[in-house]
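What follows is calculated from the coordinates using simple rules that are stated; it is not laboratory data. Computed from a predicted structure; not experimentally measured. Methodologically, a virtual Cβ is constructed for each residue, glycine included, from the backbone with ideal geometry; neighbour enumeration extends over all protein chains shown.
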Amino acid sequence: MNAIESYQLVKSYPGRGGAVQALRGVTFSVQRGEIYALLGPNGAGKTTLISILTTLLAPTAGRAAVAGFDVVTQSAEVRRRLGVTFQEIVLDTELSGRQVLDVHGRLYGLDHPTRKRRIAALAALVELSDVLDRKTGTYSGGMKRRLELARGLLPSPQVLFLDEPTQGLDPQNRAGIWRYLRRLREEEGITLLLTTHSMEEAESLADRVGILDDGELLLTGSPAELIGQMGADVVTLAGTGDVGRQSALLAGLPFVTSLVHHVAEGPLGEPSICFQIGVDSGERRLAELIAATLAAGFAIHQVAIHRPSLGDVFLACTGEQLRDG
């Protein structure tokens with residue numbers, strides 16, 4: 001059984017010029033025990049999708065299930081089986097970490113012995129045992145994120161939803177959160193669905209990723225599978241000229257596996273067109289690419305070759321760069 005399933009999910013909001021669609025028929029599934037990452041820029045629909053799956057929003061159309069229960073008709077059963085950490089940290093700064101966790105446990109109906117045992121175990125997991133009786137207002141950003149993670153895990157969820165779990169953290173704290181999440185999957189078999197802007201986070205953690213933009217799920221697969229579709233190398237050519245002619249010429253080359261372009265800033269601050277070209281071998285094809293570009297009357301300002309990344313996949317799908325914040 002899949003831990004998460006959605007079929008043709010649509011979410012619309014009324015707007016002055018007509019309905020605004022935050023989700024446009026999203027269909028996907030997450031297997032039990034899997035770590036699945038949703039990538040996308042701000043406004044892509046990631047938080048809306050999470051809100052529907054966690055029963056905070058009702059879909060306009062379509063259906064979804066978590067742990068085998070419908071998120072609309074069986075919302076109480078869904079809530080009993082999930083944990084959530086939100087993008088914005090929400091903690092009562094006058095309460096200690098222990099009090100925050102204890103209140104949350106009471107809300108879930110956990111008895112005192114269970115709360116005490118779970119709080120001790122989770123504090124050890126996220127390395128907060130020594131500061132658990134301090135007010136959360138004295139916690140660093142990383143400590144607050146770790147406390148939020150512990151709070152989401154307190155009811156022993158089957159599925160944990162994480163909305164930007166490492167936003168604003170330094171590299172050391174980010175790596176620590178990743179370590180805890182891997183342990184959860186390995187030791188408890190929990191299913192994790194996280195939203196993120198970070199390509200590194202998705203590549204490091206996820207078994208599979210989905211690329212969401214403008215309310216549509218454009219692509220899904222393992223990071224290695226998606227990156228492999230780009231070709232062995234990506235050649236970046238930046239310059240000025242006839243974009244249509246250059247695109248047609250490059251797309252006609254038999255060794256080009258992917259092609260996308262966007263406007264970038266040139267070396268002197270002027271607008272520049274940047275082509276990212278997936279090829280079977282960057283070094284072997286570079287001379288042909290440059291010759292074809294010059295033949296199209298395109299003036300080259302910069303040339304680079306690199307191994308493809310998840311960011312290149314995203315750019316090829318959407319024409320936009322992933323960004324933090």
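Some notes on this structure:
- Helix-only CD estimate at 222 nm, as mean residue ellipticity for the chain, using -39500 (n - 2.57) per DSSP H run (n ≥ 4): -10500 deg cm²/dmol
- In nm, spacing of pseudo-spin labels at V243 and L259 (7 Å Cα→C-beta vector): 1.5 nm
- Distant-in-sequence amide H partners of A264 (H built 1.01 Å from N, under 5 Å): S272, I273, C274
- Contour minus Cα-Cα distance for V20 and E200 (0.36 nm per residue): 61.7 nm
- Between the range 12-31 and the range 230-300, the Cα center-to-center distance that results, in Å: 35 Å
- Those residues of the range 93-127 whose amide nitrogen sits under 19 Å from the label point placed on K135, 7 Å along Cα→Cβ: 93-103
- Label-point gap, in nm, between E225 and S12 - each point 7 angstrom along Cα→Cβ: 3.2 nm
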